[in-house]
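The values are calculated or read from the model by the stated rules, or taken from the named source; none is laboratory data. In this text, all values refer to a predicted model and were calculated from it rather than measured experimentally. Cβ coordinates were reconstructed from backbone atoms using ideal geometry, including for glycine residues, and neighbour counts include every protein chain displayed.
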Amino acid sequence: MPDHRFDQLFNLYTQNKATEAEIAELFALFRELPTENQLNHAFFSLWEKTGPEENIQQPDWRQLYQQTTGTSALQANAQKTKRLPSAWYYAAAAVFTGVFLVILFSVLHQPKQREMYITYTVPYTTTKTLVFADGSKAVLNAGTTIKYPKTFNGKTREVTLDGEAFFQVVHLRNKPFIVHSGRLQTQVLGTSFNVDAYARSASMKVTVVTGKVAVKEASGGRQLMLTSNQEAVLNTVKSSFKKVLIADAENKIAWQDGKLVFEDAPLDEVASQLSLKFGVQTTLSNPQLKNCRISAVFQHKQLAQILTVITKLTNSGFSLQGNKAVISGKGCN
């Protein structure tokens, strides 16, 4: 330890002349002392160098304690310059050292507060609206699971998503909002966007309604910058990652109003959306049916009514029994 620097910082501190940077440096030097005995020795050595007739000003212990621990358990006397009588010299030194050791121990060993997380899963056939601590909102689609902190204490606002959600993020400068959704990571400062990233899905999408969004593909490090009416699409099977322009981003969030909007959608994606909407497992009997694509809008329709329209458009048929629906047919080229 550079003794002369330690002495200099300690003297500045005891005279209430140390800057925040110098106080931080002083505590950093304290951490280099491997044992409590050496810490005691350092205090008494420095105190010994300060003669008993010199003017010693007490540091503001209350301010220090409040700054370092966030509480006011120690009460400080008024800051006054005091002349220490020699008779009380070593007694004062012992008290001074003891108080300082209590504060130092609190600073160096204060336990970190564990951040509280909330996990919520939306039942099938329903949606759920959440409001985060910063005022940002998320509308969760059926079958979605989200994990988020009770408060955003760090330098970022981060949530984890498995499913689909529409986010309206409050703008906070220098504190980005980040959504982790499987292989996609979406980062914004303040905007509105939709994330469709069910873990079991063959594709994951991020659609921007307003503002600007950065979407990163986690495993490959590829990144796309999106603005309004743009969409990032990750094919989890082929590992393709691309940006596409869409006609109207509002159609991508129509599910919030109970609508099902399909724009040139592959039939397996349609089947997945029906499963979420109605809580009925909807499957394709023939892999070739995945090649069929449809464009349609449904609202306030029963599952059987929707399946009737879809199978007419794809020259197929369906069976619906209990909580299972099967679309069958030759498929499309």
(request) State yes or no: is A296 aliphatic (A, V, I, L, M), outside the structural domain of K137 (by TED's automatic domain parsing) and assigned to a strand (DSSP E or B)? (result) yes
(message) Whether any residue in segment 221-243 is in a strand (DSSP E or B) and acidic (D, E) is what I want to check.
(response) yes
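Scan segment 244-276 residue by residue and report those that are more than 20 Å from L320 (Cα to Cα) and part of a strand (DSSP E or B). Even if it seems obvious, please write down each step before you answer.
Narrowing segment 244-276 to residues more than 20 Å from L320 (Cα to Cα): 244-259, 261-266.
Those that are more than 20 Å from L320 (Cα to Cα) and part of a strand (DSSP E or B): V244, L245, K259, V261, F262, E263, D264, A265, P266.
Quick grid of which residues meet (1) outside the structural domain of V237 (by TED's automatic domain parsing); (2) over 30 Å from V237 (Cα atoms); (3) out of contact with any strand residue (DSSP E or B) (no Cβ under 6 Å at 6 or more places or on another chain):
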position: K128; (1), (2), (3): no, no, no
position: V139; (1), (2), (3): no, no, no
position: A142; (1), (2), (3): no, no, yes
position: I146; (1), (2), (3): no, no, no
position: T151; (1), (2), (3): no, yes, yes
position: D162; (1), (2), (3): no, no, no
position: F167; (1), (2), (3): no, no, no
position: V188; (1), (2), (3): no, no, no
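Rundown of residues vs (1) within 26 Å of V195 (Cα to Cα); (2) under 30 Å from the mean Cα position of the chain (by Cα); (3) of a type in the set (S, T, N, Q), yes/no style:
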{"site": "V244", "(1), (2), (3)": "yes, yes, no"}
{"site": "A247", "(1), (2), (3)": "yes, no, no"}
{"site": "Q256", "(1), (2), (3)": "yes, yes, yes"}
{"site": "L267", "(1), (2), (3)": "yes, no, no"}
{"site": "S272", "(1), (2), (3)": "yes, yes, yes"}
{"site": "H300", "(1), (2), (3)": "yes, no, no"}
{"site": "G317", "(1), (2), (3)": "no, no, no"}
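Residues K238, K301: which one is without any contact (Cβ under 8 Å) to a residue 60 or more places away in the chain and in the same structural domain as Y198 (by TED's automatic domain parsing)?
Values: K301 fails: in the same structural domain as Y198 (by TED's automatic domain parsing).
From the options K238, K301, the qualifying one is K238.
What is the residue count in segment 112-123 for residues that are under 29 Å from D257 (Cβ atoms) and surrounded by fewer than 17 Cβ atoms within 10 Å (Cβ to Cβ)?
Within segment 112-123, the first condition is being under 29 Å from D257 (Cβ atoms), and the residues that meet it are 118-123.
Now drop any that are not surrounded by fewer than 17 Cβ atoms within 10 Å (Cβ to Cβ), which leaves 118-121, 123.
Final tally of qualifying residues: 5.
So, of the residues in segment 131-169 that are of a type in the set (D, E) and in a strand (DSSP E or B), which turns out to be surrounded by the most Cβ atoms within 10 Å (Cβ to Cβ)? If you could, list the steps in order and put the result at the bottom.
The first filter runs over segment 131-169 and keeps only residues of a type in the set (D, E), leaving 134, 158, 162, 164.
Next, only the ones that are in a strand (DSSP E or B) stay: 158, 162, 164.
Values: E158: 16, D162: 18, E164: 27.
Residue satisfying both the conditions and the ranking: E164.
Condition check ((1) surrounded by fewer than 15 Cβ atoms within 10 Å (Cβ to Cβ); (2) modelled with pLDDT under 90; (3) touching a Pro at 6+ places or on another chain (Cβ under 9 Å); (4) under 30 Å from L172 (Cβ atoms)) across all residues:
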site	(1), (2), (3), (4)
V195	no, no, no, yes
S201	no, yes, no, no
V208	no, no, no, yes
Q302	yes, no, no, no
(request) Assess whether T145 counts as being within 25 Å of R222 (Cβ to Cβ) and either of a type outside the set (G, A, S) or at pLDDT below 95 (or both). (result) no
